[in-house]
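*Asks:* Quick one: this structure, given as structure tokens, is what I'll be asking you about.
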Amino acid sequence: MVSMNRNIDWERISHDLDANGNAMIEKLLTPAQCEALSALYPEDAPFRSRVVMGRHGFVRGEYKYFDYPLPKIVASLRAAFYPHLVPIANHWNEQMSLDGEFPTDHEEFLARCRKAGQTRATPLLLKYAAGDYNCLHQDLYGEWVFPLQVAVLLSQPGKDFSGGEFVMTEQRPRMQSRPEVVPLGLGDAVVFAVSHRPVQGTRGTYRVNLRHGVSRLHSGQRYTLGVIFHDAK
């Protein structure tokens with residue numbers, strides 16, 4: 001199990017998400033926890049499917065979706081983050097004039113997903129080798145989309161791999177896209193917007209579009225845990 005009693009500054013995280021669409025949490029997981037999660041990748045039992053991205057012709061790398069029941073460390077992260085993120089999610093929806101309020105209990109939200117036919121687990125492990133990369137994308141799986149997700153780097157930059165930076169872009173109306181590289185270290189997490197976030201402008205609040213990806217690995221192997229709060233059809 002993962003304890004969230006780490007004196008995480010949720011007020012700072014909320015501020016960073018509002019300002020930039022992402023927020024870092026340093027050393028969320030220990031090196032031992034990172035190694036234990038990475039070691040699951042060769043196994044079959046914890047996962048429901050494997051996706052080799054190179055088969056799609058425009059990305060390289062692979063990932064595996066966990067199946068229910070999730071490993072305890074993944075389930076505890078999902079359950080621990082959600083109550084802190086749901087007030088931000090509801091505030092964003094209100095600012096963007098979007099219908100629907102997310103419940104404070106994650107199991108209640110997952111029940112909504114199941115009712116909409118979204119029954120498959122979405123937390124995943126991603127594996128990149130030299131030359132691999134992930135194009136800019138959004139993780140949308142059905143009618144219900146929780147607007148925030150979490151990625152945790154399970155490998156050490158400079159030792160386990162080089163290159164492979166976590167990248168985000170933000171497209172504002174009538175403006176060029178703004179790129180941002182999030183400098184993650186071993187065990188660091190980034191909370192980020194799935195697809196949209198509100199931005200305060202001179203004429204009120206407007207919606208911006210965000211995508212995320214991974215730049216090309218130059219060497220080594222890179223493992224990442226992705227924690228998504230809505231399930232898939």
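*Asks:* Looking only at the range 20-36, count how many residues are open to solvent by less than 50 Å² (accessible area, probe 1.4 Å) and not in a helix (DSSP H, G or I). So that I can check it myself, show each step before the final result.
*Replies:* Start the filter on the range 20-36 by keeping residues that are open to solvent by less than 50 Å² (accessible area, probe 1.4 Å), which leaves 21-25, 28-29, 33-34.
Within this subset, residues satisfying the condition of being not in a helix (DSSP H, G or I) are 21-25, 28-29.
Summing the residues that are open to solvent by less than 50 Å² (accessible area, probe 1.4 Å) and not in a helix (DSSP H, G or I) in the range 20-36 gives 7.
*Asks:* Which residues, taken from the range 210-228, are open to solvent by 10 Å² or more (accessible area, probe 1.4 Å) and either among the aromatic types (F, W, Y) or assigned to a loop (DSSP other than H, G, I, E, B) (or both)?
*Replies:* Residues satisfying the conditions are S215, R216, Y223.
*Asks:* Report yes if G100 is free of Cβ contacts under 8 Å to residues at least 12 places away in the same chain, under 20 Å from H230 (Cβ atoms) and either open to solvent by less than 80 Å² (accessible area, probe 1.4 Å) or out of contact with any helix residue (DSSP H, G or I) (no Cβ under 9 Å at 6 or more places or on another chain) (or both), otherwise no.
*Replies:* Answer is yes for this residue.
*Asks:* Now for a separate question. Just checking, does the range 88-104 include any residue being in contact with a Cys (Cβ under 7 Å, 6 or more places away or on another chain) and part of a loop (DSSP other than H, G, I, E, B)?
*Replies:* no
*Asks:* Looking only at residues that are farther than 26 Å from R207 by Cβ, open to solvent by less than 20 Å² (accessible area, probe 1.4 Å) and not hydrophobic (A, V, I, L, M, F, W, C) in the range 103-131, which one is nearest to the chain's Cα centre (by Cα)?
*Replies:* Per the stated criteria, the residue is P123.
*Asks:* What do you reckon, is Y206 open to solvent by 10 Å² or more (accessible area, probe 1.4 Å), farther than 25 Å from D67 by Cβ and part of a strand (DSSP E or B)?
*Replies:* It is true that Y206 is open to solvent by 10 Å² or more (accessible area, probe 1.4 Å), farther than 25 Å from D67 by Cβ and part of a strand (DSSP E or B).
The values are calculated or read from the model by the stated rules, or taken from the named source; none is laboratory data. Values in this document were obtained by computation on a predicted structure and should not be read as measured data. A quick note on method: Cβ atoms are made from the backbone with ideal geometry, for glycine too, and the neighbour counts reach across all protein chains shown. What goes into the accessible areas is simple: the full protein's heavy atoms, side chains included, and nothing from ligands, DNA or RNA. Shrake-Rupley method; radii C 1.70, N 1.55, O 1.52, S 1.80 Å.
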